[in-house]
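Have a look at the structure below before the remarks.
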Amino acid sequence: MTRGENPGPQMKSRCGSINTRVVPRNSLYISIQLTVTREPVMDEVLFEDVSFTYAGGSKPAIEHLNLKIGKGEIVLIAGPNAAGKTTLCRCLNGLVPHFFIGDLHGNVVIQSRNTRDEDIGRLSQIVGLVFDDPVSQLVCSSVSDEIAFGPENLGIPRQEIVARVAESIEFLRLKGYERRRPQFLSGGEQQAVAIGAVMAMRPSIYALDEPTSNLDPIGSEQVIAVVKDLMKKENKTLIIVSHNLEDLATVADRIIVLNEGKIILDGTPRQVFESVDILEKIGLAPPQVTRLMGRLRGNSKIASRLDRLPLTVEEACEILARILRDSRYSPKQVGRHVARHEINKEQEVIVEAENVTFFYPKTETPALKDINVKVYHGEFVAIIGQNGSGKTTLVKHFNGLLRPTKGTVRVKGEDAADIPTWRLSERVGYVFQNPDLQLFNTSVRNEIAFGPKSLKYPKEKIDAIVADTASRLKIDHLLNESPGTLDKGGRQRTAIAAVLALNPDVVVVDEPTTGQDPAMSRQIMNTAKQLNESGKTIITITHNMELASEYARRVIVMWNGEILIDGPVREVFRNSQALRQSYLRAPQVTRLAQALQGEGFSIDALSVEEMFEQVEQGIS
Amino acid sequence: MSVIVEFLEGKSLLHRLDPRSKMLMWGAFTVGIVLISDPIVCLALLVPFVVWTAASGIPLKTAFSVYVRVYSLIILYGVVSLFLSNANLAAAKDPANIVVYLDPIHKWLPVTNQGIIWDVAMVIRFIFIIYVLQLIMFTTPMVDLVLGLAKWRVPAKAALAMSIALGFVPVFAIAISTIMDAQKCRGWKGFESGSPVDKIKALPVLFTPVVMNAITRAQQISVAIESRGFGHNIEKRTWTRELKFSAADYVVNAISIIFFVATNVLTSMGYGTYQLTYSLLFRS
């Protein structure tokens, strides 16, 4: 990855490459380009003291934003929830203020056009927007219709559209998919189609709003590969909003960090990641190795040997190996993480699948193939794997949302076959990814009381449950509020409380990280951890390896309807071959520790914290 | 859980026909069959379409599965139309025609032989109209239907909006079933048990999340399509797919028109009424 090693100069060469661009095909496009190249120095994107408050909003989504983005720059925009990232994207093509109305101050100028004076249709020919949810942006019945949709709206001649569709298909390497329904593709493919569809409109600026946040690891990789191709081939301005700093740190020329509507950091990735502590404080997840080395910098023995913070595992390995050698590192046993070495089989088996095979209706291939698994009381299990590997299908068997085609599921020793889900919900609670799928009551109190009422608990018991659950989730001050008025974190906690109200032994947390910002994901995992410490068994499904390795004691890797590996977290993340087979990767620090073992240092780490302790104690 | 009839890929003649020909065919046959009230003729007209279904590579099981879902509606339709039909009322004047009374004690609600025949025709007509419509939906991508409508001067924006909305029906269906699952996980008993009152009481549990979800989704979709130039200069919109009549289209259109004219003429001359079957069955 040559770009990542040296972002600075690359950026200059990108900016200077205006003259070398290929001759565009279509006349409309040439005319736009000519107006651009006639100007000697030209900002593609210019925000002049821009503030915007949505109609009905109480405070501005973005505030006094000043920003210049030059032609050919690749800009990563990061920030926690509600930092104004999406609003910024919406300003680029005039969705703000023409679609989302509100109070706009200052000027947004795209290629010397003020967005106030243009309409979205015209701006969409300059700025192509791609959104986070693939399903809500694909509207046609075949991939080629989807790609043609934009150019058709613009009234491009038919032959030209046909050529553009072919080009997009080839670019995305989706030959043979032309007639497929976009709705039936995998998430990664769908998002690729969404990018190809925008590409066919020949914008000179691409704005991708969290293009990977709803995807599994394979899908994310696929989309990042498309983004990289886009950079190479098109040489266009790219603005990417993402929480995936780890993968995009080495792709971007420049990172802009937003917080509460304001720009707080702006610079090359290296410059921005130097402020790793600020990034962590506002709830972002910089690459683990950067965080690790940032913390190690606090140690005076290391600080003197550390001239820059690494962004990749390779770089970190090189730097850390040198430091460890120079400071004569000797490993010290760090005691408090040992618990995660083994599975405690003494405990009661709380849910169990025996030879479970499952077919979805009207399908030929099994979604689960002869699964055998036992979950013991008090465990914290993470199930990882790609979409379609059978994770959710398996877990939905534990509370009767699905029933095995063959085999048996036992909950607390009892065959679950004849127990309805609402009855099982007192044993296995299931927290869905999106709290808004569950909340409907007028107050948080009623929301929590709904389950117990529905199961006809006596009134005094319900009151006690509400009080207890609310205090456990720290929402007791919100009991009289309407869930709809709470922020996302509050709604998430209310939904968890609603499930806990039935006092289940097992709590399933489905995809707590998908579509969330890192701070929110961590919050949910911390809640799960507290529940686990108070005696609940936790099963979580996640795509986030960092959180899985940090929180879980046992990890199950699924692939293609089967369990590939099942063991203590330490053992599973050591098995890089099995992980590779399911297209997963151990978290950065784990890989770093493994790489250092290759350099002769005996280190084993599942989290930044653990790695930090091992290195620091081994040195002093 | 598919609510709407899905397009099934294929290369058959029916797939290749111009959507306008197919829509014309549906219109002509719908009007035609409404004029015919003879069950034998109605059934005879359905047969070629069933054969055509099989010839177009569409499993008959799929084609008829819709009736399994709406059978209660068909029965209701059959019962109501029986007692409201003029044929039944007229025939009831002659006691010889009466087969049975629904209320034998008071001799109320007579059911006559002619009424039954007429009613059977009604039900077959109902089935026929749905059948031909879904046959077209099976073999025509939504965009083509929209394009066909646009060529007929239906406003492009309305036609496109309709096709996008229809395309999202399965997505909403998935959302609804996820919401039902999510509620069951917190002790909701669903629609499976309890009295009808309980079932109605259970509705608000779904209502708020479903509506909120639909609103969010609708906004996401409109943001996405606006960002791709939807509605921009709509009169000049390009339609990539070309519609062209082939020889087969002319043949099919000719058949549709002939059928339309013929049924109009023949039924006005008194052919094709339930009397034909009646005389075959009872007056031979």
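The values are calculated or read from the model by the stated rules, or taken from the named source; none is laboratory data. Note that the structure is predicted; figures quoted are calculated from it, not measured. Backbone-built Cβ (ideal geometry, glycine too); neighbour counts: all protein chains shown. SASA here: full protein model, heavy atoms, side chains in, ligands and nucleic acids out. Shrake-Rupley method; radii C 1.70, N 1.55, O 1.52, S 1.80 Å.
In region B:168-191, the qualifying residues are those that are of a type outside the set (S, T, N, Q) and under 14 Å from residue A:454 (Cα atoms), and the one that is farthest from the other protein chains (Cβ to nearest Cβ) is B:191. Residues of region B:114-133 that are over 14 Å from residue B:33 (Cα atoms) and open to solvent by less than 10 Å² (accessible area, probe 1.4 Å): B:115 alone. Scan region A:513-523 and give yes if some residue there is among the basic types (Lys, Arg), touching a Leu at 6+ places or on another chain (Cβ under 8 Å), open to solvent by 20 Å² or more (accessible area, probe 1.4 Å) and farther than 26 Å from residue A:618 by Cα, otherwise no. The answer is yes, given that some residue of region A:513-523 is among the basic types (Lys, Arg), touching a Leu at 6+ places or on another chain (Cβ under 8 Å), open to solvent by 20 Å² or more (accessible area, probe 1.4 Å) and farther than 26 Å from residue A:618 by Cα.
Could you please let me know if residue B:111 is assigned to a helix (DSSP H, G or I) and open to solvent by less than 40 Å² (accessible area, probe 1.4 Å)? No: the conditions fail for residue B:111.
Given the structure, is residue A:145 without any contact (Cβ under 8 Å) to a residue 24 or more places away in the chain and buried (at least 22 other Cβ atoms within 10 Å of the Cβ)? When the stated conditions are applied, residue A:145 passes them. Look at residue B:77 and say whether it is touching a helix residue (DSSP H, G or I) at 6+ places or on another chain (Cβ under 7 Å) and either surrounded by fewer than 18 Cβ atoms within 10 Å (Cβ to Cβ) or within 30 Å of residue B:174 (Cα to Cα) (or both). Here the answer is yes, as residue B:77 does meet what is asked.
Residues in region A:552-578 that are under 27 Å from residue A:360 (Cβ atoms), surrounded by 18 or more Cβ atoms within 10 Å (Cβ to Cβ) and not charged (D, E, K, R): A:555, A:556, A:557, A:558, A:559, A:561, A:563, A:564, A:565. Of the residues making up region A:85-99, those that are within 14 Å of chain B (Cβ to nearest Cβ) and open to solvent by less than 20 Å² (accessible area, probe 1.4 Å) are A:87, A:89, A:91, A:92, A:93, A:94, A:95, A:96.
Taking the numbered list (1) farther than 18 Å from residue A:537 by Cβ; (2) open to solvent by less than 20 Å² (accessible area, probe 1.4 Å) in turn, residue A:478 passes all entries but (2). If I filter region A:194-204 for residues that are away from chain B (no Cβ under 13 Å), within 19 Å of residue A:136 (Cα to Cα) and open to solvent by less than 10 Å² (accessible area, probe 1.4 Å), do I get at least one hit? Within region A:194-204, not a single residue is away from chain B (no Cβ under 13 Å), within 19 Å of residue A:136 (Cα to Cα) and open to solvent by less than 10 Å² (accessible area, probe 1.4 Å). Of the residues making up region A:364-380, at least one is within 27 Å of the chain's Cα centre (by Cα) and farther than 21 Å from residue A:512 by Cα.
Checked against the criterion of being at the interface with chain A (Cβ under 7 Å from one of its Cβ atoms) and part of a helix (DSSP H, G or I), the candidates B:224, B:165, B:161 yield just one match: B:224. Annotation note: of A:229, A:216, the sole residue that is within 28 Å of the chain's Cα centre (by Cα) and surrounded by fewer than 18 Cβ atoms within 10 Å (Cβ to Cβ) is A:229. Return yes or no: is residue B:204 at the interface with chain A (Cβ under 7 Å from one of its Cβ atoms), crowded, with 20+ Cβ neighbours inside 10 Å and either in a helix (DSSP H, G or I) or of a type in the set (Lys, Arg) (or both)? No; evaluated as a whole, the condition is false for this residue. For region A:115-165, a residue qualifies if it is facing chain B (nearest Cβ under 7 Å), under 23 Å from residue A:242 (Cβ atoms) and charged (D, E, K, R), and exactly one does: A:133.
Filtering region A:390-409 to residues that are open to solvent by less than 10 Å² (accessible area, probe 1.4 Å) and among the polar types (S, T, N, Q) leaves only A:399. Looking at region A:464-472, is at least one residue away from every other protein chain (no Cβ under 11 Å) and open to solvent by 70 Å² or more (accessible area, probe 1.4 Å)? Yes: region A:464-472 contains one or more residues that are away from every other protein chain (no Cβ under 11 Å) and open to solvent by 70 Å² or more (accessible area, probe 1.4 Å).
Evaluating residue B:236 against the criteria (1) buried (at least 18 other Cβ atoms within 10 Å of the Cβ); (2) charged (D, E, K, R); (3) closer than 21 Å to residue B:147 by Cβ; (4) within 7 Å of chain A (Cβ to nearest Cβ) leaves one unmet condition, (1). For region B:184-201, enumerate the residues that are crowded, with 18+ Cβ neighbours inside 10 Å and among the aromatic types (Phe, Trp, Tyr). Hit for region B:184-201 is B:188, nothing else. The condition (being surrounded by 13 or more Cβ atoms within 10 Å (Cβ to Cβ) and touching a residue at least 60 places away in the same chain (Cβ under 8 Å)) is satisfied by just one residue among B:244, B:157: B:157. Can you name every residue in region A:48-89 that is on the phi > 0 side of the Ramachandran plot and assigned to a loop (DSSP other than H, G, I, E, B)? Answer for region A:48-89, where residues must be on the phi > 0 side of the Ramachandran plot and assigned to a loop (DSSP other than H, G, I, E, B): A:56, A:72, A:79, A:82, A:84. Scanning region B:53-74 for residues that are at pLDDT 85 or above and open to solvent by 60 Å² or more (accessible area, probe 1.4 Å) returns B:55, B:57, B:59, B:60, B:61, B:64. Here is the figure for region B:227-253: residues that are in a helix (DSSP H, G or I) and not hydroxyl-bearing (Ser, Thr, Tyr) total 9.
Any chance region A:421-444 includes a residue that's surrounded by 15 or more Cβ atoms within 10 Å (Cβ to Cβ), more than 14 Å from every other protein chain (Cβ to nearest Cβ) and not β-branched (Val, Ile, Thr)? Checked region A:421-444: no residue is surrounded by 15 or more Cβ atoms within 10 Å (Cβ to Cβ), more than 14 Å from every other protein chain (Cβ to nearest Cβ) and not β-branched (Val, Ile, Thr). Looking only at residues in region A:167-189 that are within 12 Å of chain B (Cβ to nearest Cβ) and assigned to a helix (DSSP H, G or I), which one is surrounded by the most Cβ atoms within 10 Å (Cβ to Cβ)? The selected residue is A:182.
Restricted to region A:123-142, and to residues there that are open to solvent by less than 20 Å² (accessible area, probe 1.4 Å) and part of a loop (DSSP other than H, G, I, E, B), the residue that is farthest from residue B:236 (Cα to Cα) is A:134.
Count of region A:265-296 residues, restricted to those that are surrounded by fewer than 18 Cβ atoms within 10 Å (Cβ to Cβ) and part of a strand (DSSP E or B), is 2. Would a scan of region A:44-57 turn up a residue that is among the β-branched types (Val, Ile, Thr) and within 23 Å of the chain's Cα centre (by Cα)? There is no residue in region A:44-57 that is among the β-branched types (Val, Ile, Thr) and within 23 Å of the chain's Cα centre (by Cα). Within region A:358-367, can one find any residue that is farther than 19 Å from residue A:563 by Cα, within 14 Å of another protein chain (Cβ to nearest Cβ) and either in contact (Cβ under 8 Å) with a residue 60 or more places away in the chain or open to solvent by less than 70 Å² (accessible area, probe 1.4 Å) (or both)? Yes, the conditions are met somewhere in region A:358-367.
Filtering region A:297-316 to residues that are open to solvent by 70 Å² or more (accessible area, probe 1.4 Å) and either at pLDDT 95 or above or part of a helix (DSSP H, G or I) (or both) leaves A:300, A:301, A:314.
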